[in-house]
Structures are given as structure tokens and as C-alpha cells.
1. Testing residue 53 on (1) out of contact with any Leu (no Cβ under 8 Å at 6 or more places or on another chain); (2) of a type outside the set (Gly, Ala, Ser); (3) at pLDDT 95 or above; (4) over 22 Å from residue 141 (Cα atoms), one condition comes back false. Which one is that?
2. Starting from segment 94-109, take each residue that is over 25 Å from residue 21 (Cβ atoms) and list its partners that are among the aromatic types (Phe, Trp, Tyr) and at pLDDT below 95, counting only C-beta distances under 7 angstrom and pairs at least six apart or across chains.
3. For residues in segment 160-172 being among the charged types (D, E, K, R) and within 21 Å of residue 226 (Cβ to Cβ), which is surrounded by the fewest Cβ atoms within 10 Å (Cβ to Cβ)?
4. Pick from segment 111-154 the residues that are more than 30 Å from residue 205 (Cβ to Cβ), more than 14 Å from the chain's Cα centre (by Cα) and small (Gly, Ala, Ser): which of them is surrounded by the most Cβ atoms within 10 Å (Cβ to Cβ)?
5. Any residue at all in segment 181-196 that is at pLDDT 95 or above, over 18 Å from residue 247 (Cα atoms) and surrounded by fewer than 16 Cβ atoms within 10 Å (Cβ to Cβ)?
6. Could you check, for segment 48-57, whether at least one of its residues is polar (S, T, N, Q), out of contact with any Lys or Arg (no Cβ under 6 Å at 6 or more places or on another chain) and in contact (Cβ under 8 Å) with a residue 60 or more places away in the chain?
7. Pick from segment 204-231 the residues that are touching a helix residue (DSSP H, G or I) at 6+ places or on another chain (Cβ under 9 Å) and of a type in the set (D, E, K, R): which of them is surrounded by the most Cβ atoms within 10 Å (Cβ to Cβ)?
8. Return the residues of segment 43-77 that are aromatic (Phe, Trp, Tyr) and more than 22 Å from residue 24 (Cβ to Cβ); say none if nothing qualifies.
Amino acid sequence: MQLPLQGKIALILGIANDQSIAYGVARALKAQGAELAITYQTDRTRDFIAPLLDELQPGVLLKCNVQEEGSLEAVFDAIRAKWGKLDIAVHSIAFAPKDDLHGRVVDSSAAGFALAMDVSCHSFVRMAKLAEPLMKDGGTLLTMSYYGSEKVVPNYGVMGPVKAALEATVRYLSTELGPQGIRVHAVSPGPLLTRAASGIREFDSLLAQATAQAPMRQLVDIDDVGAAAAFLCSDGAKRLTGSTFYVDGGMNIVA
């Protein structure tokens, strides 16, 4: 019996360790039959993900820092040389300088705001542009958002406006790339403990609040996010695009 993503090529940007959302997504796509291309940001990150490589067995493994000119392009050159096509690209990257993340949005610096927007949002646009010519038979682009994009979440700071921009970008890209059969989604998980989340002040309180208020009274984990991502990349979602897809135990519906 053929697996749902058998023969599909998937690029995963953003695995930092075994707690990363991107790892949960990569694991789910691999289990569904996809071949993986994986990037890591630094040599230290490479050390953290080394124990995961036997399981994921990436056909392409490259360093990629989206702030460095030519770094993302080199990844797509390697995918083109290895497979000549791409079916899935997952963007799980976000960054904001600590002062801008922890401070008030009204006090955010122009440089910090611009950097957060470039790394967390515009790099998704650049990824989509590079993916488009390789998605000859259509494909799926995914990025990771959060509920702080539409409601004020304490201590989320400048990332709220940035994630709002990311979700708007998803809608525009889905419209522009839809005629080529390329679907675009933002996946919006509930709060879960990752390296990126550890930079948010009082994150433990956010976890406790989510557990108490979400209709299912449970936190999600990276495997929940991976399962949702695998569905969005499958033929079962072939008529879906442009959505913000919540994986949060229903937290997004609670006032």
C-alpha cells in the first residue's frame, strides 16, 4: 500500500532540536513517505539535530541562515540538483531581538521591527519564490503562526504584528500561486514549549492558561502539529488553501 506522501520531496526549515515544531512536522511527513531536505542554522544547531538524522534520513542536509545572502538560494540549488523538483516546503523560522520582544510594541526599534519582519515573514516570501519553479506539478507551502497574530497575548510583543503580517502574506501567496496548483497555509499551534517559546516572558503562565481555557483542556504537542501539517500536504486537502489552520485544542474560539 502506497503511503499518502510517497514520492514527495519536502523541505523543512527550522529544526533546532527534538522539541522543535519543525521536527514534529518532519517526522510526520517522513512517516507518510516523503523524502526530506533539512536545514540547520549554525554548527551548534547541527550538533543538536544530529541524534535526529538517523530517523529522518534527509537526502539533503545543509546549513541555512536566512539573514545571509545566498544561503537560502544554495538550499534550493541543492534540491534542484538532487531531485529536480519540490512538493512541500515548511517554514518554521521566527526571530525578534530580545529588547523588542520583551518591550512594548510602541517602544520597538525600527531596526528590531524590520529584523523580526525579515526573518519571520519575508523569508517565507523568499522561500515561496524559490519553491515556485520547482513545484512543477503543484505543491504545498506551510508556515507557523500563533494566536497572538489576532489577539493581544501578554509578553508576545512585536511578534504579534509580525505574525499578523505573516498570515496576510499567506492569503496573498495562496491567491498568486493557486493557478499553479500551489497551496499555502499558516499552521497556528497552541502554546507549547520550544526553544523559541522559552524567550517569551512568563511562558509558564501562558501554558497554564491554555490548559485551563482551551475547550479540550489539553496542550498540544509537536506530533499534533505534524499530523495536521501532513494532512494539509496530502491529497485530502487538495482543495484547501489560504487558511490559518489552528491546532490548539480549540483555544482560538475562547473569548
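The values are calculated or read from the model by the stated rules, or taken from the named source; none is laboratory data. Bear in mind that the values here come from a model prediction, so they are computed numbers and not experimental data. Note: ideal-geometry Cβ built from the backbone for every residue, glycine included; neighbour counts use all protein chains shown.
1. (1) is the only condition that residue 53 fails.
2. none
3. Start the filter on segment 160-172 by keeping residues that are among the charged types (D, E, K, R), which leaves 163, 167, 171.
Of the ones still in play, those that are also within 21 Å of residue 226 (Cβ to Cβ) are 163, 167.
Values: 163: 27, 167: 20.
So, considering only residues that are among the charged types (D, E, K, R) and within 21 Å of residue 226 (Cβ to Cβ), the one surrounded by the fewest Cβ atoms within 10 Å (Cβ to Cβ) is 167.
4. 139
5. Yes, segment 181-196 contains at least one residue that is at pLDDT 95 or above, over 18 Å from residue 247 (Cα atoms) and surrounded by fewer than 16 Cβ atoms within 10 Å (Cβ to Cβ).
6. no
7. By that ranking, first place goes to 224.
8. Filtering segment 43-77 for residues aromatic (Phe, Trp, Tyr) gives 48, 76.
Once the filter is applied, which keeps residues that are aromatic (Phe, Trp, Tyr) and more than 22 Å from residue 24 (Cβ to Cβ), segment 43-77 yields only 76.
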